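Chemist: Please see the structure below; I have some questions.
All of the numbers you see were taken from the coordinates with simple rules; none came from a lab. The structure displayed is predicted, hence computed values, not measured ones. A quick note on method: Cβ atoms are made from the backbone with ideal geometry, for glycine too, and the neighbour counts reach across all protein chains shown.
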Amino acid sequence: MMLIDTLAQGLLLGGLYALFAAGLSLVFGIMRLVNLAHGDLIILGAYLILTITTATGLHPFVAVLLAAPLMFGLGWLLQTHLLNRVLGADILPPLLVTFGLSVVIQNGLLSAFTADSQKLTAGAIEAQSVDLGVVTLGVMPLLTFASAVAVIFLLNQLFYRTALGRAFRATSDDQTTAQLMGIRPQNIFAIATGTALVVATIAALYLGTRANFDPSIGPARLLYAFEAVIIGGLGSLWGTLAGGIVIGMAQAVGASINPEWQILSGHIAFVIVLLIRPRGLFPRAND
Amino acid sequence: MILSRPLGLAVAFAALAVLYALPTIAPRAVVQDLFGILTLLVLAMNWNLLAGFAGLVSVGQQAFVGIGAYAMFAAIILMGLDPLVGVLIGGVAAVTFAVPMAFFAFRLNGAYFAIGTWVVADIARLAISQWKALGGGTGTSLPKGTAKEMAFVEQIKEMLDISSAAAADALTYWLMLTLAVAMLVASYIFLRSRMGLGLQAIRDNENAARSVGVDPVRLKALVFLLTAFGTGLCGALAFIQITRVTPDAAFSVIDWTAFVIFITVIGGIGTLPGPIVGVAVFYLLQRLLADYGTIYLIVLGCLGIAVMLFARRGLWGLFTDRTGIDLLPLAHRPPRHAAIQPKASSRAA
Amino acid sequence: MSDLLTIAGLTAHYGDFQALFDVDLTLAEGETIAIIGANGAGKTTLMRAITGVAKVTAGSVTLAGDTITRLPAPDILLRGIAMVPEGRRLFPSLTVEENLLIGAHARTGNGYWTLDRVQALFPILKDRRLSPGTALSGGQQQMVAIGRALMSNPRVLLCDELSLGLAPVVIKEIYAAFPQIKASGTSIIVVEQDIGQAMRVADHVHCMMEGRITLSGRPADLSRDAIHDAYFGVSHA
């Protein structure tokens, strides 16, 4: 049935958006930082994977394992030397700094790689699909969705079952008292941003294999990611998955009516959810 | 030290006189260049008022530029009106859109407000792309000769003995210059008024401001609507010169918001002369690095980052801190009432 | 007993406002001292100055011979000074047990206090281990806060206003745990507005007023009048 097919596509697309959004959700949950360069960092990840595959001939799925630690290091450096210096009560400096970063990354990529469209090739798997009887699903979209669920599951484990996760939550609650426990917030933030970029790299893998990319498409991904985070509700990673699915499905339904309405449908779903539930679907109790 | 008022005003008037006289003394290219600069200046002053003074960091002002431009095109192409009337309609259309936009966006705070305005602007862009009468996704152009047929162009042509095209340039230039001056004067008066004081109170501590009777929502909404109007007028006027409108161009985040944000931040956010300084720097950089495309934007981005790291009040803020000169002081003098004299019988503390 | 913590000429400011004036204080190894005084006397400022939260403008803080003045708060904890902050300040996103565990996040100290022993000290900590930290009553939260500080096996335990907002019977229950804490070898500084409790638990008492120490001595040696005068700053003459 057409509708089930559309909804299934939307669900899987939601997985990709959830991957875009998970890193953002993590960082915002811990340090209230809105990184306007997040979308461009995902694209940067895609170009990094591309560079590795071109240089070594490795398959993107292997290249991502090399790219991930590099992106972690980049996130760590970015937070330590740039973002930690502007975090504070005033929201303007972090917004403006990350905005500047966004412009710098986009144009840096443009200089280095030109505006030509690129794509990561995963080989035959890109065309394969799985027939579930009532609908047929592409293998890559399925993998993307499964990865999104896995990433969010692992992040939750990190948050709620490890000492580092305890430190994340404590620092997010009360920075001053966390310091009295011997925790250094600057380090915590750096690890968080590094982790967020690792997730962004995974998102980049699936983005790059799914469709063409070029230096300018970052900001649009940022918007989808934010819509997913805000719909899901602050501080809830599973909420972010739900948010991604809402956007994905709205876009799929809109596109099935008229391809030009895809992005608009996502935006409208965002506006509607926020008008009904200003704090999102699963907001944190204390904020 | 506040620059003595008479001297300051004299200098300002002299500068203004030169600027107004420009179409009579300078070549067309200069007038066109300055038009572009003034466009960015007006946009920056509006954004500065919104983000720097009202604390509403919007990344969606391009919505008003686009709506202003499209409303103007609709007025000319679909309703056969004069472009100048179209500009006015552009401003009105922008304010009208600002009302539901505010209704939605004001439910969000801080960074979420920023993203919310960006989303709404994108909605406007996507919706207008569906407007087939104005070219849909590929846009449309002004009919040939529209600018030359604007009101007053004939008179200017006679007065200055120049071509119609040059006269049209002069007219739009004068209008944009007037808009910039009006914007500056209006901002100054507003910020020094009681409403401006209330705005500053909100910026410092919203709850405390409420407790003394300031209504933050009303004030912020007022600023939001006023700047929407100003931005809409500016966008409509700008596109008379650009002559061709497409959704992507009219709603461009880079052209109408990113540049504007950088100009304001580098010049000095939350100060009145800031946007003026910022536009000057911007223009200078553009001339210096025009041939280097992306490098120019990278430099701009790095400058913006550097300002936020090292000089939050921008270049103008640095200048004021170093020299103590404040050209457009915004400090408020307390109201003049007769001091109530204590009764002679009360004991000294 | 050797001096463990030495504070000499400590001066602290909040912006232009001077909160501590040239404060001298020593804590001997194994000792418990109490600092009493009215609101605004500077007691909490003194605690914050030691732990690196408030700004020290002059003077020094020395721990076992090492100067620790102006070290950032995390480093102070690593050196072995743990604080039970005023108002408890438990982490809302953490359960009771997690609040305890976070106390040992940076330093376990390899000492007497383990999770089991802390839970044995205050049994409620085991009963309600999975509740969110802030779902407990004030007194229970205070127990969590103390336990959290003990988890790092500190050499010096700072307790800021334990009795604030608590009923007398609850205060008694909390202070009943002190003998065991002392027995584990911890040196303690107690900041209190409850003078009676302070006198009962401390070897030495210091009274503060307006940022200065106005009276010091052993509880047995201090008369009620002397304390009254020092506390309120009035002359009893």
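Chemist: Please find, in a Gaussian network model of chain C (springs between Cα atoms separated by less than 10 Å), the residue of C:15, C:109, C:139 whose mean-square fluctuation is greatest.
Modeler: Maximum fluctuation in the GNM of chain C, among the listed residues, is at C:15.
Chemist: Sticking to Cα atoms, compute the Rg of region B:1-123 to one decimal and its Dmax as the biggest Cα-Cα distance, whole number, in Å.
Modeler: In Å, with Rg to one decimal and Dmax whole: 18.5, 55.
Chemist: Using θ = phi - 60° and the Karplus form 6.51 cos²θ - 1.76 cosθ + 1.60, what ³J(HN,Hα) does each residue of region A:70-85 get, whole Hz, x for Gly and Pro?
Modeler: Whole-Hz 3J(HN,Hα) from phi for region A:70-85: 5, 5, 4, x, 4, x, 4, 5, 4, 5, 5, 9, 10, 6, 4, 7.
Chemist: Roughly how many debye, to the nearest 20, is the charge dipole of chain A about its Cα centre, given +1 on each Lys and Arg Cβ, -1 on each Asp and Glu Cβ, and no other charges? All intermediate terms of the calculation are to be shown ahead of the outcome.
Modeler: Values: 12 positive and 12 negative charges, 143 e Å.
The calculation lands at about 680 debye.
Chemist: Moving on. Give me the dipole magnitude in Debye, nearest 20, for region B:98-256 about the Cα centre, with unit charges on the beta carbon: positive for Lys and Arg, negative for Asp and Glu.
Modeler: Details: 13 positive and 11 negative charges, 99 e Å.
It works out to roughly 480 debye.
Chemist: Gaussian network model of chain A, Cα springs within a sub-10 Å range: biggest mean-square fluctuation belongs to which of A:223, A:207, A:237?
Modeler: Evaluated over chain A, the most mobile residue of the options is A:223.
Chemist: Can you give me the long-range amide H partners of residue C:83? Hydrogens built in the peptide plane at 1.01 Å from N, cutoff under 5 Å, separation of 5 or more residues or another chain.
Modeler: HN-HN under 5 Å from residue C:83: C:158.
Chemist: Check residue C:95: other-chain or 5+ apart residues with amide H under 5 Å from its amide H, H built from backbone geometry?
Modeler: Here the answer is C:133, since their amide H atoms fall under 5 Å of that of residue C:95.
Chemist: Enumerate the lysines that residue C:172 could reach by cross-link, defined here as Cα to Cα under 17 Å, with residues fewer than 8 away along the same chain left out.
Modeler: C:182
Chemist: Could you work out the mean count of beta carbons from other protein chains within 10 Å of each residue's beta carbon in A:102-109? Can you show the working numbers first?
Modeler: Details: counts 2, 13, 9, 2, 6, 9, 5, 1.
Per residue, the number of nearby Cβ atoms from other chains is 6 on average.
Chemist: Right, here's the next one. Mind checking which of C:227, C:106, C:141 is farthest towards the positive end of region C:92-237's charge dipole, using Cβ charges of +1 (Lys, Arg) and -1 (Asp, Glu) about the Cα centre?
Modeler: Selected residue: C:106.
Chemist: On to the next question. Report, as an integer, the average count of C-beta atoms from other chains found within 10 Å of each Cβ along A:259-266. It would help to have the intermediate numbers written out before the result.
Modeler: Numbers: counts 0, 5, 3, 1, 4, 7, 1, 4.
Averaged over the peptide's residues, the number is 3.
Chemist: Using a basic spin-label model with each label point 7 Å from the Cα along Cα→Cβ, how many nm lie between residue A:62 and residue B:13?
Modeler: Distance between the two pseudo-spin positions: 7.9 nm.
Chemist: What average count of beta carbons from other chains do you get within 10 Å of the Cβ of residues in A:85-92?
Modeler: 4
Chemist: So, one more: Given the -39500 (n - 2.57) contribution per DSSP H run of 4+ residues, what per-residue ellipticity at 222 nm results for chain A, rounded to the nearest 500 deg cm²/dmol? Write out the running numbers ahead of the final one.
Modeler: Numbers: 11 runs with 210 residues, N = 287.
Helix contribution divided over all residues of chain A: -25000 deg cm²/dmol.
Chemist: Sticking with this one: Fewest to most neighbouring Cβ within 10 Å: what's the order for A:64, A:139? Before the final figure, lay out the partial values.
Modeler: Working: A:64 25, A:139 15.
Going from least to most buried by this count: A:139, A:64.
Chemist: Where the centre of each part is set by its Cα atoms, how far does region A:187-263 sit from region C:13-53, in angstrom?
Modeler: Result: 51 Å between the Cα centres.
Chemist: Additional query: Let's see if you can work this out: charge +1 on each Lys and Arg Cβ, -1 on each Asp and Glu Cβ, no other charges. What is the dipole magnitude of chain B about its Cα centre, in debye to the nearest 20?
Modeler: Computed charge dipole of chain B: roughly 1280 debye.
Chemist: Report the one residue of C:196, B:36, A:112 whose Cα lies farthest in the direction of the positive end of the charge dipole of the protein assembly as shown (charges on C-beta: Lys and Arg +1, Asp and Glu -1; origin at the Cα centre).
Modeler: C:196
Chemist: Starting with the fewest neighbours, write out C:2, A:216 ranked by other beta-carbon atoms found within 10 Å of each beta-carbon.
Modeler: Ranking C:2, A:216 by Cβ neighbours within 10 Å, fewest first, gives C:2, A:216.
Chemist: What list of ³J(HN,Hα) couplings, whole Hz, do you get for region A:164-170 from phi and the Karplus terms 6.51, -1.76, 1.60, once you set θ to phi - 60° and write x for glycine and proline?
Modeler: Karplus values, whole Hz, x for Gly and Pro: 4, x, 4, 5, 4, 5, 5.
Chemist: For region A:145-287, what's the relative contact order in percent, using C-alpha pairs closer than 8 Å and at least 6 residues apart? Don't skip to the answer; put the middle values down first.
Modeler: Working: 124 pairs, mean separation 25.7, N = 143.
Here the relative contact order equals 18 percent.
Chemist: Follow-up question, since we're still on this one. Lys/Arg Cβ at +1, Asp/Glu Cβ at -1, dipole of region B:151-273 taken about the Cα centre: which of B:181, B:160, B:224 is farthest positive-ward?
Modeler: After comparing all options, I get B:224.
Chemist: Would you list B:234, C:159 from fewest to most Cβ contacts within 10 Å?
Modeler: Values: B:234 33, C:159 28.
The most exposed by this proxy come first: C:159, B:234.
Chemist: Which lysines have a Cα less than 26 Å from the Cα of residue B:148, not counting those fewer than 8 places away in the same chain?
Modeler: In chain and number order, the partners are B:157.
Chemist: Okay, moving on. Between residue C:188 and residues 5 or more places away or on another chain, which pairs have amide H atoms under 5 Å apart, with H built 1.01 Å from N, and which residues are they?
Modeler: Here C:31, C:32, C:33, C:157 satisfy the definition.
Chemist: Obtain the nm distance between the two label points defined at residue B:207 and residue B:164 by a simple spin-label model: each point lies 7 Å from its Cα along the Cα-to-C-beta direction.
Modeler: Computed distance between label sites residue B:207 and residue B:164 equals 6.5 nm.
Chemist: May I ask you to list the aspartates and glutamates whose Cα is less than 18 Å away from that of residue C:126, ignoring any residue fewer than eight positions away on the same chain?
Modeler: C:97, C:98, C:116, C:173
Chemist: Here's another thing I want to ask about it. Among DSSP beta bridges lying fully in region C:123-235, give the percent that are antiparallel, nearest 5.
Modeler: 50
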